[in-house]
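Asker: Dropping a structure here in structure tokens format, bear with me for questions.
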Amino acid sequence: MCGIVGVVSNSMVNQVIYDALLLLQHRGQDAAGIATNHSSSFAMHKANGLVRDVFRTRNMRSLPGNVGIGHVRYPTAGSTSEEEAQPFYVNAPFGITLAHNGNLTNAEQLKIELFKNDRRHINTDSDSEVLLNVLAHEIQQATSSYSLDPATLFGAIARLHNRVRGAYAVVAQIAGFGLLAFRDPYGIRPLCLGVLETDKGDEYMIASESVALEGLGFRFVRDVEPGEAIFIDEDHKLYSQQCAENPSLNPCAFEYVYLARPDSIIDGASVYATRLKMGEYLAEQVRHHMASGAIDVVMPIPDTSRPSAMQLALKLNLDYREGFIKNRYIGRTFIMPGNVSRRKSVRQKLNAIGSEFKGKSVLLVDDSIVRGTTSREIVQMARESGATRVIFASAAPPVKFPNVYGIDMPTRQELIAYGRSNEEICREITADALVYQEVSAMRRAIADVNPRLTSLEASCFDGEYITGDITRDYLDRLEAARNSPNSMTEDGVPSQLNLNLAKGE
């Protein structure tokens, strides 16, 4: 999971991109970068850290131009090298910078093809650099002179779709020509288009989430369709074309469960509304599994689960209380590498209000349970605060399978629900009872908000990989690489050597 943004403006674009990245900071806290284009020359600054820490006044002044792209990265295991901060740059043809959200499942094969056939060198372990070089090669093959028209560019994207597998939402700049954006044929990772009408002409923004558009005054126009490419030239003329042969919309269910901001709209569905619906369906499960009077109060694990918890309490006519207060200066624990970091961060991030727990049977509602590390800590905090009984409910189904499309869930052994019954999971997190959402109910909750969303990428819940190229052998190789005795650092993070194997590189 990462956040990307591209802007075509009538004035200096660096501040707009910076502000957009702040609005997308929840999608990545590990690194940030901006690349701008001025007089067919690129300027770039990127580094590890939060947006506010990466960019100083001197850095912003060094980013001139009316067109630019930005990126925030979250720490997928092993990719903490500053060299892998985005955007990436390649100097031929024309000069291209690129920012990517997602994960390529055939990066190993592509890297071999690029070296042997395309004579292109990959300098990092990032699949985003692989994707950039595939794009550059296909554009180069399609052009014979220093000229590039939209039809030629869209043809290059069509050939890229035929070569690349996995999930990818992309913004890229082509020096002297304009801004390019495209989305994989399955529409797994989100991407949307906005416009700002000004006296000097229309300005455009393309971003991972609509909150980035609306927060900066851009009018949300639409989502980029699966397989579609959009090109905005230097005269601000917008071109779009479907570049995939058989596109289908399969947005990542985990975006609605956890990743996206609640005030975003992704593929026509309000994230907030889907989480309310998940709370309604979860209430049915709680009613089915728990005796009347067994719960005194409902509490969310802030912040993502709050809509589901509120709606659940309303449906069951139970008191709703805020039992945990969140320190907003601590990062999201799900996207922190290593169990040690996550356990330590939970106590720093959340503080319990003892009076809300004391002597009560408490139903804690979280958006999901991935590794179980934070859930166990939270249950223990509730008991320490005086709760007589702690019931845990997950607004999402059990996470049983690895995600290979850009979320850091690479092995089955790291997932608490893999190979365990609900009763065993309940004991692992030390709760008195555990209630999970059903997969079918999660799907209904999202489709209730937008009936068009009849198919979701929900592989981490149901084990069905939408791209059709993920085999048991593929997952076994990921797992073997991660579990190698030499693959882990002290904090449980895979070493760089074994991560390369895990990523298929």
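Asker: Taking the condition of being of a type outside the set (A, V, I, L, M) and closer than 18 Å to LEU456 by Cβ, how many residues in the stretch 388-420 meet it?
Answerer: 9
Asker: Give all pairs with beta carbons closer than 6 Å in which a residue from the stretch 273-286 that is touching a residue at least 24 places away in the same chain (Cβ under 8 Å) meets a residue that is among the basic types (Lys, Arg) and surrounded by fewer than 23 Cβ atoms within 10 Å (Cβ to Cβ); count only pairs at least 6 apart in sequence or on separate chains.
Answerer: GLU280/LYS315; ALA283/LYS315
Asker: Can you tell me which of (1) surrounded by fewer than 20 Cβ atoms within 10 Å (Cβ to Cβ); (2) of a type in the set (Gly, Ala, Ser); (3) touching a strand residue (DSSP E or B) at 6+ places or on another chain (Cβ under 9 Å) is the one SER455 doesn't meet?
Answerer: With respect to (1) surrounded by fewer than 20 Cβ atoms within 10 Å (Cβ to Cβ); (2) of a type in the set (Gly, Ala, Ser); (3) touching a strand residue (DSSP E or B) at 6+ places or on another chain (Cβ under 9 Å), SER455 is out only on (3).
Asker: How about the stretch 45-74: which of its residues are in a loop (DSSP other than H, G, I, E, B), touching a strand residue (DSSP E or B) at 6+ places or on another chain (Cβ under 8 Å) and over 21 Å from LEU132 (Cβ atoms)?
Answerer: GLY49, LEU50, PHE55, SER62, PRO64, ASN66
Asker: Sticking with this one: Search the stretch 406-427 for residues being assigned to a helix (DSSP H, G or I) and buried (at least 16 other Cβ atoms within 10 Å of the Cβ), and hand back the single one that is modelled with the lowest pLDDT.
Answerer: ARG412
Asker: When you scan the stretch 76-93, do you find a residue that is over 16 Å from TYR168 (Cα atoms), touching an Asp or Glu at 6+ places or on another chain (Cβ under 6 Å) and either surrounded by fewer than 22 Cβ atoms within 10 Å (Cβ to Cβ) or not polar (S, T, N, Q) (or both), even just one?
Answerer: Within the stretch 76-93 (the criterion being over 16 Å from TYR168 (Cα atoms), touching an Asp or Glu at 6+ places or on another chain (Cβ under 6 Å) and either surrounded by fewer than 22 Cβ atoms within 10 Å (Cβ to Cβ) or not polar (S, T, N, Q) (or both)), the answer is yes, since at least one residue qualifies.
Asker: Only one residue in ALA47, ALA35, ALA92, ALA43 is under 25 Å from PRO190 (Cα atoms) and out of contact with any Phe, Trp or Tyr (no Cβ under 7 Å at 6 or more places or on another chain), so which one is that?
Answerer: The match here is ALA47.
Asker: On the given criteria, is VAL370 among the aliphatic types (A, V, I, L, M), at pLDDT below 95, assigned to a helix (DSSP H, G or I) and in the same structural domain as ARG389 (by TED's automatic domain parsing)?
Answerer: Answer is no for this residue.
Asker: If you don't mind, another one. Working only within the stretch 426-446, note down all residues that are touching a helix residue (DSSP H, G or I) at 6+ places or on another chain (Cβ under 8 Å) and farther than 24 Å from SER361 by Cα.
Answerer: Selection gives VAL439, ALA441, MET442, ARG443, ARG444, ALA445, ILE446.
Asker: Quick one: would you say ALA212 is surrounded by fewer than 23 Cβ atoms within 10 Å (Cβ to Cβ) and not polar (S, T, N, Q)?
Answerer: no
Asker: Would you mention how many residues in the stretch 373-388 are of a type outside the set (A, V, I, L, M) and either more than 28 Å from the chain's Cα centre (by Cα) or assigned to a loop (DSSP other than H, G, I, E, B) (or both)?
Answerer: Going residue by residue through the stretch 373-388, those that are of a type outside the set (A, V, I, L, M) are 373-377, 380, 383-386, 388.
Keeping just the survivors that are either more than 28 Å from the chain's Cα centre (by Cα) or assigned to a loop (DSSP other than H, G, I, E, B) (or both) gives 380, 383-386, 388.
Qualifying residue count, the stretch 373-388: 6.
Asker: Same structure, new question: Hey, among the residues in the stretch 304-331 that are in contact (Cβ under 8 Å) with a residue 24 or more places away in the chain and part of a loop (DSSP other than H, G, I, E, B), which one's farthest from ARG27 (Cα to Cα)?
Answerer: The extreme case among them is LEU318.
Asker: Is it true that some residue in the stretch 232-248 is in contact with a Lys or Arg (Cβ under 9 Å, 6 or more places away or on another chain) and either buried (at least 24 other Cβ atoms within 10 Å of the Cβ) or in a strand (DSSP E or B) (or both)?
Answerer: Within the stretch 232-248 (the criterion being in contact with a Lys or Arg (Cβ under 9 Å, 6 or more places away or on another chain) and either buried (at least 24 other Cβ atoms within 10 Å of the Cβ) or in a strand (DSSP E or B) (or both)), the answer is no, since none of the residues qualifies.
Asker: Quick one: which residue in ASN450, ASN351, ASN403 is surrounded by fewer than 21 Cβ atoms within 10 Å (Cβ to Cβ) and closer than 16 Å to VAL257 by Cβ?
Answerer: ASN450
Asker: Now for a separate question. For the list (1) aliphatic (A, V, I, L, M); (2) closer than 26 Å to VAL404 by Cα; (3) buried (at least 24 other Cβ atoms within 10 Å of the Cβ), I need the number of the one condition that LEU153 fails.
Answerer: (2)
Asker: Condition check: assigned to a helix (DSSP H, G or I) and buried (at least 24 other Cβ atoms within 10 Å of the Cβ). Does ILE391 satisfy that?
Answerer: Details: assigned to a helix (DSSP H, G or I): no; buried (at least 24 other Cβ atoms within 10 Å of the Cβ): yes.
Taking the combined requirement at face value, the residue does not satisfy it.
The values are calculated or read from the model by the stated rules, or taken from the named source; none is laboratory data. What you see is a predicted model; the values in this text were computed from it and never measured. FYI the Cβ positions are ideal-geometry reconstructions off the backbone, even for glycines, and counts take in every protein chain you see.
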